[in-house]
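One structure below.
The values are calculated or read from the model by the stated rules, or taken from the named source; none is laboratory data. Small disclaimer: the values here were computed from a predicted structure and weren't measured. Neighbour counts are summed over all protein chains in view; Cβ atoms, including those assigned to glycine, are modelled from backbone coordinates with ideal geometry. Protein only, heavy atoms only, side chains kept; ligands, DNA and RNA dropped before computing areas. Shrake-Rupley method; radii C 1.70, N 1.55, O 1.52, S 1.80 Å.
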Amino acid sequence: MRKEPYKYETTSVTGFVQRIATCLLRHGYCHYVQGTVGEGKDPRAIDKKLLEKYEVVQSEWTRARRKEKGLANFSTSGSTEPGC
């Protein structure tokens with residue numbers, strides 16, 4: 001497991017695009033899904049659920065070993081800016 005917190009939240013559209021370009025595309029993440037959190041739901045609780053369910057918080061080496069075995073990896077990125 002990673003020692004530092006998993007950083008996936010961005011605060012601007014520019015930061016969001018930068019994260020996609022520098023952290024996800026260069027590692028082979030090529031599928032993208034966009035969605036919004038429903039009114040009255042806690043976005044942080046939903047993030048926590050996704051991070052745990054899909055075992056997102058893994059080291060770079062663990063992800064590489066999974067990829068070599070043909071297993072899927074999942075990453076998430078979110079923005080606090082409306083419209084992103």
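Observations
- Converting phi to 3J(HN,Hα) with the Karplus coefficients 6.51, -1.76 and 1.60 and the offset θ = phi - 60°, the range 64-70 yields 5, 5, 4, 4, 4, 7, x Hz in sequence order, with x at every glycine or proline.
- Both radii come from the Cα set of the range 1-60: Rg as radius of gyration, Rh as Kirkwood radius; their ratio Rg/Rh reads 0.96.
- The GluC sites (Glu not before Pro) of the range 13-84 meeting both criteria, a DSSP state outside H, G, I, E and B (loop) and at most 15 other C-beta atoms within 10 angstrom of the site's C-beta, are GLU39, GLU55.
- Per-residue Karplus couplings for the range 33-40, computed as 6.51 cos²θ - 1.76 cosθ + 1.60 with θ equal to phi - 60°, are listed in order as 10, 10, x, 10, 8, x, 4, x Hz, Gly and Pro entered as x.
- Probe 1.4 Å, protein heavy atoms only - accessible area per residue of the range 5-82 in square angstrom: 80
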